[in-house]
Amino acid sequence: MALYFLMPLMGAATNYVFVGFFAMSALYLLFWEAGRTKPRQFGWVLRAIGIGAGAIAIVMALPKKIEAEIPWQPYSEQAVAEARKAGRGVIIDTFADWCIPCKELDQSTFRNAEVRREAERFVNLKLDLTRSDAGTEPARAKERYGIRGVPTVIFLDPEGKERSDLRLEGFEKPSAFLEKRMKQVASPAATAPGKNSADAKPAESTPTAAPSVNLSLLNGGELKLDSLRGKVVLVDFWATWCVPCLSEIPMFSELKKNYQPRGVEVIAIALDEEGASKVKPFVKAHPMDYTQTLGDKNTAGMFNVDDSTLPVTILIDKQGRVRFRHIGITKKDVFETEINQLLNE
């Protein structure tokens with residue numbers, strides 16, 4: 001039992017340690033303890049146990065055919081965003097070096113041939129929670145997905161939303177993992193050639209009035225969204241931890257420069273829980289030449305934005321209606337086409 005709980009510390013040497021333990025136990029019981037114990041009848045009991053320990057040592061020492069495991073890649077927010085853009089489901093397996101059930105999942109469930117075959121249609125990510133210091137990507141993921149312990153296996157659908165009903169906490173046999181969880185995530189719908197899931201259906205099915213909100217400006221003061229009626233407004237929801245959001249900064253700065261004279265406003269709403277203390281240093285390091293405001297989960301909810309799918313960008317027409325919505329990185333020419341359409345209305 002002591003060796004079992006020391007397994008996370010032994011790493012690759014685990015099998016050798018157990019073989020040595022059972023081999024030494026067999027030798028001790030057969031050639032030492034069995035001959036000294038009284039009554040003699042009990043000596044035969046010890047010999048039987050010794051023979052059993054020797055058999056276990058031999059079996060463990062024999063070479064084993066090791067099945068291949070699911071091809072995992074390290075977890076990152078960018079990998080999740082790219083999977084969403086490609087319209088693929090995601091499996092996130094959280095683990096820690098000291099977690100024994102995590103190793104059981106790796107050795108049993110994730111090496112099963114049918115599980116491996118089904119995993120080919122997913123993006124498979126490993127999230128290491130051995131250390132999750134504040135401010136790190138593992139810490140943000142732990143908070144975002146509400147992870148209580150390891151192992152926790154999380155399933156995201158092709159739209160990047162978690163299927164909370166499929167979440168697994170603990171060990172599960174391959175057959176149950178396959179039928180009850182993996183096969184319940186729908187395959188991505190085919191998109192038209194040359195298009196990705198982020199651009200497939202950007203327009204709102206029914207234009208709805210944008211919320212009447214007062215946004216807190218990053219450097220103080222407020223911005224009333226209603227005061228921008230008569231203009232086309234591009235609103236970018238982002239966060240400092242969102243890697244894909246960073247790549248869109250130059251594009252939004254250029255859109256503001258090119259289209260503001262024609263009546264277009266570009267506004268960014270940061271959804272960092274730490275607020276200005278987190279956002280200000282980031283903006284200083286990554287200048288954004290457009291209006292910066294602060295938001296939270298309530299702000300995101302008013303615009304029907306899920307902060308787990310950032311970046312999210314919406315376009316509001318001159319009448320204050322949400323007309324277009326994009327999830328994930330979107331090309332500049334897509335925004336330009338939509339902006340020009342709204343300007344010409």
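Can you name the residue in the stretch 1-49 that is outside any helix (DSSP H, G or I), of a type outside the set (D, E, K, R) and more than 38 Å from the chain's Cα centre (by Cα) and is also farthest from Pro63 (Cα to Cα) among such residues? Looking at residues that are outside any helix (DSSP H, G or I), of a type outside the set (D, E, K, R) and more than 38 Å from the chain's Cα centre (by Cα), I get Pro39.
Could you list, in sequence order, the residues of the stretch 293-326 that are hydrophobic (A, V, I, L, M, F, W, C) and touching a Gly at 6+ places or on another chain (Cβ under 7 Å)? If you could, list the steps in order and put the result at the bottom.
Residues of the stretch 293-326 that are hydrophobic (A, V, I, L, M, F, W, C), as a first pass: 294, 300, 302-303, 305, 310, 312, 314-316, 322, 324.
The answer is Leu294, and nothing else.
Pairing residues of the stretch 83-105 that are without any contact (Cβ under 8 Å) to a residue 12 or more places away in the chain and within 15 Å of Pro71 (Cα to Cα) with residues that are buried (at least 18 other Cβ atoms within 10 Å of the Cβ) and of a type in the set (Val, Ile, Thr), at Cβ distances under 8 Å and at least 6 apart in sequence or on separate chains, gives no pairs at all. Restricting the search to the stretch 73-89, which residues are in a helix (DSSP H, G or I), at pLDDT 85 or above and crowded, with 21+ Cβ neighbours inside 10 Å? Of everything in the stretch 73-89, those that are in a helix (DSSP H, G or I), at pLDDT 85 or above and crowded, with 21+ Cβ neighbours inside 10 Å turn out to be Val80, Ala83.
A residue that is outside any helix (DSSP H, G or I), touching a strand residue (DSSP E or B) at 6+ places or on another chain (Cβ under 6 Å) and surrounded by 15 or more Cβ atoms within 10 Å (Cβ to Cβ) can be found somewhere in the stretch 106-122.
Filtering the stretch 290-310 to residues that are modelled with pLDDT under 90 and assigned to a loop (DSSP other than H, G, I, E, B) leaves Asp306, Leu310. Set side by side, the residues Ile66, Ile70, Ile92 differ, and just one is under 30 Å from Met1 (Cα atoms), at pLDDT 90 or above and either surrounded by 15 or more Cβ atoms within 10 Å (Cβ to Cβ) or not assigned by TED's automatic domain parsing to the domain that holds Leu166 (or both), which is Ile70.
Out of the stretch 311-328, which residues are under 16 Å from Asp296 (Cα atoms) and either in contact with a Ser or Thr (Cβ under 9 Å, 6 or more places away or on another chain) or modelled with pLDDT under 90 (or both)? Show your work before the answer.
So the first thing to find is which residues in the stretch 311-328 are under 16 Å from Asp296 (Cα atoms), and the list is 311-313.
Scanning the stretch 311-328 gives Pro311, Thr313.
Only one of the numbered conditions (1) farther than 30 Å from Tyr4 by Cβ; (2) at pLDDT below 90; (3) among the charged types (D, E, K, R) is not met by Lys103, and that is (1). For the stretch 91-120, filtered to residues that are within 18 Å of the chain's Cα centre (by Cα) and of a type in the set (Val, Ile, Thr), the residue that is nearest to Val185 (Cα to Cα) is Ile91. Looking at Pro244, Pro281, Pro211, Pro287, just one residue is surrounded by fewer than 20 Cβ atoms within 10 Å (Cβ to Cβ), more than 29 Å from the chain's Cα centre (by Cα), farther than 18 Å from Leu343 by Cβ and modelled with pLDDT under 95, and that residue is Pro211.
For the condition over 29 Å from Val305 (Cβ atoms) and in a loop (DSSP other than H, G, I, E, B), Glu159 does not qualify. Take Tyr28 and tell me if it is out of contact with any Cys (no Cβ under 9 Å at 6 or more places or on another chain), modelled with pLDDT of 90 or more, surrounded by 13 or more Cβ atoms within 10 Å (Cβ to Cβ) and closer than 21 Å to Leu156 by Cβ. No: the conditions fail for Tyr28.
The values are calculated or read from the model by the stated rules, or taken from the named source; none is laboratory data. Since this is a predicted model, take the numbers as computed values, not measurements. Glycine gets a Cβ as well: all are built from the backbone with ideal geometry, and neighbour counts include every protein chain shown.
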